[in-house]
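Remarks on the structure that follows.
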Amino acid sequence: MNTVVVLGFLMNQTPLELFKHGGPIMWPIALVSFIGVTVAIERVLFIIREERRRDPELVDRMIARVEAGEIEKAIEMGKDSKDFVARVIIEALQEREVSFTDAYIRASHRELARFSQGLSILDTAITAAPLLGLLGTVTGMMATFGSMQGDIGAAAGAITGGVAEALIATASGLAIAICGLLPFNYMNAKIENARHDVEDTANALNAYFAKTGTN
């Protein structure tokens, strides 16, 4: 609905008028907009919270303890940390007797899956919005051509309404998709950064366990 507000301002109409003139297709467009905004806000807040919990210095100290052979001290050091990399390290170290590499992969996949939650929904909203707008264009133009029968002058209002419906639906769908791309790309970049952090830590720890033959 925030997209409708912006478009209404640009077109010198109230959001309610714009929504009404956009035709029935505005209801699914509004639903997609609401879902996209909700997911985007929740994911951005999640990223901000996880970044505040990051403690790279603690992770470096834990790695140093492991490289010094003080694995239990490394686990003790990070057990109360909310840093997702530290949690991965602890879980992998606790299962090192079975297979450190496998345990690390499982733990990292679980943590990274938390970062990816909701992105498929946002991606669907970004894809569906312009398609719904295109559908609104088709229905609007169908209404326009359906009105072009008999006295064109008498049907001028219906013709104008059909064109307005097509334009409003198209603009709304495109606006939702464009606005949704910004948080979507932002979150994808943050997920890639998180993956790099996990992989860098894995490389450092795998080097130690490869030397000890307990990998």
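The values are calculated or read from the model by the stated rules, or taken from the named source; none is laboratory data. What you see is a predicted model, and the numbers here were worked out from it, not measured in a lab. Backbone-built Cβ (ideal geometry, glycine too); neighbour counts: all protein chains shown.
Summary table below
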read-out	value
Among residues of region 176-198, those that are acidic (Asp, Glu) and in contact (Cβ under 8 Å) with a residue 12 or more places away in the chain, counted	1
Condition check for ALA64: farther than 30 Å from PRO183 by Cα and of a type in the set (A, V, I, L, M, F, W, C)	yes
The listed residue being touching a residue at least 60 places away in the same chain (Cβ under 8 Å), under 18 Å from the mean Cα position of the chain (by Cα) and on the phi < 0 side of the Ramachandran plot, out of VAL59, VAL44, VAL66, VAL37	VAL44
Unmet requirement for SER33, which otherwise passes all of (1) hydroxyl-bearing (Ser, Thr, Tyr); (2) within 19 Å of ASN188 (Cα to Cα); (3) buried (at least 19 other Cβ atoms within 10 Å of the Cβ)	(2)
Residue in region 36-83 that is surrounded by the most Cβ atoms within 10 Å (Cβ to Cβ), counting only those that are assigned to a helix (DSSP H, G or I) and basic (Lys, Arg)	ARG43
Subset of region 159-194 (residues that are among the charged types (D, E, K, R) and modelled with pLDDT of 85 or more)	LYS190, GLU192
